[in-house]
There are 2 protein chains.
Amino acid sequence: MRKIVLEIAYIGTNYNGWQKQPNNNTIQETIEKCYKNALNEDITLYASGRTDAGVHAYKQVAHFETKSTIPAEKFAYILNAKLPDDIRITKSCEVDEHFHARFSAKCKTYVYKVYNSPIPNPFYNNRALQIEKCLNIKKMRQGAKVLKGTHDFTSFCKTYKEEKDCSRTIYFIKIKKDTKTNVINIEVCGQGFLRNMVRIICGALIDVGLEKTNIQDLKYILENKDRKLASKTLPAYALYLSNVKY
Amino acid sequence: MRKIVLEIAYIGTNYNGWQKQPNNNTIQETIEKCYKNALNEDITLYASGRTDAGVHAYKQVAHFETKSTIPAEKFAYILNAKLPDDIRITKSCEVDEHFHARFSAKCKTYVYKVYNSPIPNPFYNNRALQIEKCLNIKKMRQGAKVLKGTHDFTSFCKTYKEEKDCSRTIYFIKIKKDTKTNVINIEVCGQGFLRNMVRIICGALIDVGLEKTNIQDLKYILENKDRKLASKTLPAYALYLSNVKY
């Protein structure tokens with residue numbers, strides 16, 4: 001069996017996330033069905049990780065095994081001809097048998113997009129979170145420094161189970177503002193993430209930017225390992241899986 | 001009667017353009033109906049100009065007359081509460097009786113968005129025109145210089161009628177490439193435009209960028225006043241009315 005890797009971009013708005021579920025419209029299922037339809041072979045896609053309902057991807061990575069002898073780069077064209085236009089295979093290539101889209105991943109980067117302006121803008125519907133009040137970027141960057149590194153992220157995780165290890169490593173958090181569009185990108189890169197972790201972290205940093213919480217508060221939230229202390233989970237529609245490195 | 005001006009942003013994808021028509025879903029009609037629904041008054045909107053089906057606006061400007069005594073800035077909030085989320089009033093203010101959104105306009109700027117990459121990107125569906133082959137921006141800028149100024153734009157107009165004056169003035173054409181996103185914005189500013197003029201001009205400049213036509217050809221097309229000589233009309237979905245100045 002050959003092993004093929006796909007790089008995939010998608011608009012998550014119309015899907016119930018990546019992972020196949022009974023009676024649900026998901027990215028994984030959509031691609032697997034198009035593959036079956038095009039090449040009459042059942043495949044299972046293994047992604048770098050799930051994305052939640054509504055979350056987008058600039059670059060998701062998934063592999064599958066196939067008996068097909070088609071040149072590896074052709075899979076992208078064949079699938080794109082069948083896929084709905086909100087999912088696109090941006091690359092396909094062959095890898096050796098040891099590669100695993102999830103277990104071989106060294107780091108993943110997510111971007112959370114904030115449209116920071118009181119003026120409504122329809123082009124950011126389902127694409128960025130509008131925050132009307134001007135965010136203090138300098139303070140957000142100070143907050144990012146607190147969260148960088150290896151910590152127990154229990155306070156920033158959806159479901160806490162006592163037996164579970166909630167220690168994770170964040171390699172960097174970059175916060176960039178485009179002063180022309182008033183879009184702030186919060187880029188979070190780590191080895192792996194807990195459930196909703198990026199959306200809770202970005203919510204905490206926005207609270208810092210809004211000066212609702214200060215740096216001391218943020219340290220307290222991190223250290224006290226209590227989900228109730230941190231901010232609410234931000235909406236999924238402004239989150240993008242932007243890169244996976246191997 | 002008071003005169004109120006609205007600044008309007010819209011995603012044109014789901015509309016048959018600005019202008020009200022029988023049995024057609026248009027931006028003008030949608031806003032007029034929401035106004036009636038919110039304030040129980042019939043108004044007529046006069047825009048800076050029509051936009052075609054599928055064309056977007058970062059900033060369209062329209063005025064109307066009203067008997068309402070509501071503070072001018074409130075109209076934006078009242079309408080936004082009723083409007084579908086692909087149309088947003090970004091500003092409302094009162095003007096004197098001599099103002100006319102169309103006749104008082106000094107210049108209008110359109111942006112045509114080209115996504116210049118062979119890699120598919122679902123986020124540009126209905127938002128930018130994908131051109132796979134790398135465009136020669138330097139040559140496009142030379143082409144822009146040919147079209148700048150006052151000319152008879154018969155070759156760049158949808159419907160030529162002998163009696164009609166096809167002379168128009170283009171104040172500037174700016175071509176900017178964002179090397180990170182591979183998006184090229186072709187910005188065209190003029191006093192007024194003929195039907196499809198911006199989309200035909202941008203098509204001609206893309207032909208220059210693709211090196212299908214050279215600068216001499218472009219001069220010939222302009223001077224010979226024949227629509228058949230210029231390029232096809234580019235699709236509407238990548239065109240944005242971006243500014244109107246008074």
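Some notes on this structure:
- Test for B:ARG102: is it among the basic types (Lys, Arg) and surrounded by fewer than 20 Cβ atoms within 10 Å (Cβ to Cβ): yes
- A count restricted to the range A:206-228 and to residues that are closer than 15 Å to A:ARG141 by Cβ, touching a Lys or Arg at 6+ places or on another chain (Cβ under 9 Å) and not small (Gly, Ala, Ser) stands at 6.
- Residues in the range B:120-134 that are within 14 Å of chain A (Cβ to nearest Cβ) and of a type in the set (D, E, K, R): B:ARG127, B:GLU132.
For every residue, the table says whether it meets (1) over 22 Å from A:PHE123 (Cα atoms); (2) surrounded by fewer than 16 Cβ atoms within 10 Å (Cβ to Cβ).
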| position | (1), (2) |
| --- | --- |
| B:LYS108 | no, no |
| B:VAL111 | no, no |
| B:PRO118 | yes, yes |
| B:PRO122 | no, no |
| B:LEU147 | yes, no |
| B:THR154 | yes, no |
| B:ILE186 | no, no |
| B:LEU194 | yes, no |
| B:VAL198 | no, no |
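- Exactly one residue out of A:ALA76, A:ALA53, A:ALA81, A:ALA57 is within 14 Å of chain B (Cβ to nearest Cβ), within 30 Å of B:TYR10 (Cβ to Cβ) and either touching a residue at least 40 places away in the same chain (Cβ under 8 Å) or assigned to a strand (DSSP E or B) (or both), and it is A:ALA57.
- Extreme residue, surrounded by the fewest Cβ atoms within 10 Å (Cβ to Cβ), among residues of the range A:29-50 that are free of Cβ contacts under 8 Å to residues at least 24 places away in the same chain and polar (S, T, N, Q): A:ASN40
- Residue tally, condition free of Cβ contacts under 8 Å to residues at least 12 places away in the same chain, more than 12 Å from every other protein chain (Cβ to nearest Cβ) and farther than 27 Å from B:TYR15 by Cα, over the range B:87-119: 1
- Some residue of the range B:47-64 being more than 16 Å from the chain's Cα centre (by Cα) and β-branched (Val, Ile, Thr): no
- Condition check for B:PHE64: more than 14 Å from chain A (Cβ to nearest Cβ) and either in contact with a Cys (Cβ under 6 Å, 6 or more places away or on another chain) or not in a strand (DSSP E or B) (or both): no
- Within the range A:1-51, the only residue that satisfies the criterion of being touching a Gly at 6+ places or on another chain (Cβ under 7 Å) and modelled with pLDDT under 95 is A:ARG50.
- Test result for A:THR90, closer than 17 Å to A:ASN243 by Cβ and either in contact with a Pro (Cβ under 9 Å, 6 or more places away or on another chain) or surrounded by fewer than 17 Cβ atoms within 10 Å (Cβ to Cβ) (or both): yes
- For the condition within 25 Å of B:PRO120 (Cα to Cα), among the hydrophobic types (A, V, I, L, M, F, W, C), in contact with a Cys (Cβ under 9 Å, 6 or more places away or on another chain) and modelled with pLDDT of 95 or more, B:ILE175 does not qualify.
- Residue match in the range B:66-73 (condition: surrounded by fewer than 21 Cβ atoms within 10 Å (Cβ to Cβ), under 17 Å from B:MET1 (Cβ atoms) and of a type in the set (D, E, K, R)): yes
- Hey, A:ASN14 farther than 15 Å from A:PHE75 by Cβ, more than 17 Å from the chain's Cα centre (by Cα) and not hydrophobic (A, V, I, L, M, F, W, C) or not: no
- Verdict on B:GLY209 being in contact (Cβ under 8 Å) with a residue 24 or more places away in the chain and buried (at least 21 other Cβ atoms within 10 Å of the Cβ): yes
- Considering the range A:1-48, and only residues there that are assigned to a loop (DSSP other than H, G, I, E, B) and within 14 Å of chain B (Cβ to nearest Cβ), the residue that is nearest to A:SER242 (Cα to Cα) turns out to be A:ILE11.
- Among the residues making up the range B:212-246, those that are touching a residue at least 40 places away in the same chain (Cβ under 8 Å), among the basic types (Lys, Arg) and not in a helix (DSSP H, G or I) are B:LYS225, B:LYS245.
- Residues located in the range A:163-212, provided they are among the small types (Gly, Ala, Ser) and touching a strand residue (DSSP E or B) at 6+ places or on another chain (Cβ under 7 Å): A:SER167, A:GLY190, A:GLY192
The values are calculated or read from the model by the stated rules, or taken from the named source; none is laboratory data. These numbers come from a predicted model, not from an experiment. Cβ coordinates were reconstructed from backbone atoms using ideal geometry, including for glycine residues, and neighbour counts include every protein chain displayed.
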